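Trainee: Below you'll find the structure I mean.
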Amino acid sequence: MNFLLSALIKDLARWREDAAAILLWMAIPLMIGGLITSLMDGGDGAKPSGVLLIADLDDSLLSGLVAGAYSQGELGELISVESVTVTEGTEKINAGDASGLLIIPEGFGDAFLESKPVTLTLKTNPSQIILPGIITDVTEILLDAGFYAEQLFRDEIEVIKAAVDDDNIDNAVVASIAVAMQQKIEAAAPYLFPPAIDIEVVEPPADEPGVPLALLYLPGIILMAIMFAANGLASDYWTEREQGTLRRLVSSPGRLAGFLGGKSLAAGVVIALIGGLTLIIGFLYHGVAWAKLPSSLAWVTASGVALFDWFGAIQMIAPTQHSANLVTSMLLFPLLMVGGSFFPLAALPGWIAAFGRKTPNGFITDR
């Protein structure tokens, strides 16, 4: 036991001098995890928003209705409408400062009332995908709705035009137009309300809230730090050889088991420090219950010591330090890839996840 404690104290003292490496083993996974978490959490609840430029050259009641339709209801939460001249709008849309530019030509209202062809010009931003498509669809719907409204109320429109030309708009004319439009709406209602196809909406049972995707990354990120630490600590066997420690051990009264046990215990202290700090950061960020911290830390520490011994065995099998570092590096990153560090096991294809759970770090991450 004395020899084991001496080996433990020796390694802790030596590794304390290389604190920068320990910080690096922890900093790289934390940086990667922070970037991934910010990507996962940063877009929650966010909606796309854009600007629609409208150059209204007609400045009539109908053109105003068209412009106002884009800012109604939920569409108004996605698109903000800005009035511009054609020159200003062209400059902004060419510079990519808006999602679309709608040009309403002069005479639009008169052409609509007289059933004459009229062209609206819509320019969209090619660097955007969602909002220009929404604006295009809404514009087409507005044009279709205007066409059918004009077809349905053509007679009433003619009466309104004649009354305006004759300056003969009185209450009787307004009342007759209102009655006629109401009658047409009532006549069309059976075809529109209710629709010809009955749809029964069945609400599915409420699902229990799932685990946030960013939280699924937490075990893998912690194991990434532990893997870096275990691999780096295991390479210390070559340092001990170069410094003659292993040669002197052969002729010392101490037993090899005490030397290896002391080094494993020292590795466990370092891994517990790294695992504890990363767990605390993860628990704080994700709001995990603190009651789970002791068991999580115990599992991570014990697993980290096992990984240290595994990497140590690989280091000892290699004929040179260079080949040992090459072999462990070739193993490390594929294991991190399939073992849940770069992608959660729950998000991987079935066969890859099944393979990943059989890897050393995947086994630990899954539990």
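The numbers here are math on the coordinates, done by the rules we state, and not lab data. Model, not experiment: these values are computed from the prediction. Cβ: placed from backbone, ideal geometry, glycine included. Neighbour counts: every protein chain shown.
Trainee: Show the residues, 5+ positions off or on another chain, whose built amide H is closer than 5 Å to the amide H of ALA55.
Mentor: VAL84, LEU102, ILE103, ILE104
Trainee: Further question on the same structure: What is the local net charge at ASP58, summed over the other residues whose Cβ is closer than 15 Å to its Cβ (Lys, Arg +1; Asp, Glu -1)?
Mentor: With Lys, Arg at +1 and Asp, Glu at -1, the neighbours total -4.
Trainee: Of the beta bridges DSSP finds with both residues in the chain, what % are antiparallel, to the nearest 5?
Mentor: Counting DSSP beta bridges with both partners in the chain, the antiparallel share is about 30 percent.
Trainee: Moving to a separate point now. What's the local net charge at ASN125, with K and R +1, D and E -1, over the other residues with C-beta under 11 Å away?
Mentor: On the way: positive: LYS92, LYS123; negative: ASP97.
Net charge around ASN125: +1.
Trainee: Set the Förster radius R0 to 25 Å, insert the Cβ-Cβ distance between ASP309 and ALA354 as r into 1/(1 + (r/R0)^6), and round the FRET efficiency to 0.05.
Mentor: 0.45
Trainee: Let me ask you something else. Taking a ≥ b ≥ c as the square roots of the eigenvalues of the Cα gyration tensor of region 210-278, is the shape rounded (a/c under 1.5), prolate (a/b larger than b/c) or oblate?
Mentor: Prolate, because a/c is 1.5 or more and a/b exceeds b/c.
Trainee: How charged is the neighbourhood of MET316? Take every other residue with its Cβ under 13 Å from the Cβ of MET316, and add Lys/Arg as +1 and Asp/Glu as -1.
Mentor: Here the count lands on -1.
Trainee: For each pair in LYS10/LYS358; LYS292/LYS358; LYS123/LYS184, compute the distance between the two Cα atoms and list the pairs where it is over 31 Å.
Mentor: Over 31 Å Cα-Cα: LYS10/LYS358; LYS123/LYS184.
Trainee: Apply the Karplus parameterisation 6.51 cos²θ - 1.76 cosθ + 1.60, with θ equal to phi minus 60°, to every residue of region 10-27 and state each ³J(HN,Hα) to the nearest whole Hz, in sequence, with x for glycine and proline.
Mentor: 4, 5, 4, 5, 5, 6, 5, 6, 10, 5, 4, 5, 5, 5, 5, 4, 8, 5
Trainee: OK, next. Report the relative contact order of region 1-144, percent, no decimals, based on alpha-carbon pairs under 8 angstrom and at least 6 residues apart.
Mentor: On the way: 149 pairs, mean separation 32.5, N = 144.
Reported as a whole number, the value is 23 percent.
Trainee: Apply the Karplus parameterisation 6.51 cos²θ - 1.76 cosθ + 1.60, with θ equal to phi minus 60°, to every residue of region 104-118 and state each ³J(HN,Hα) to the nearest whole Hz, in sequence, with x for glycine and proline.
Mentor: For region 104-118, the Karplus-derived couplings read 9, x, 5, x, 4, x, 5, 5, 5, 5, 9, 6, 9, x, 8 Hz, x marking Gly and Pro.
Trainee: Can you run phi through the Karplus equation (6.51, -1.76, 1.60; θ = phi - 60°) for region 263-274 and list ³J(HN,Hα) in whole Hz, with x for Gly and Pro?
Mentor: Values per residue, Gly and Pro as x: 5, 5, 5, 5, 4, x, 5, 5, 5, 5, 5, 5 Hz.
Trainee: In deg cm²/dmol, rounded to 500, what helix-only [θ] at 222 nm does the chain give when every DSSP H run of at least 4 residues adds -39500 (n - 2.57) and the total is split over its residues?
Mentor: Values: 17 runs with 249 residues, N = 367.
About -22000 deg cm²/dmol.
Trainee: Could you state the orientation-averaged shadow area of the convex hull built on the Cα atoms of region 51-152, in nm² to one decimal?
Mentor: Value for region 51-152: 6.2 nm².
Trainee: Under the rule a/c < 1.5 gives rounded, and otherwise a/b versus b/c splits prolate from oblate, where does the chain land using the Cα gyration tensor?
Mentor: Numbers: a/c = 4.76, a/b = 3.38, b/c = 1.41.
Prolate, since a/c reaches 1.5 and a/b exceeds b/c.
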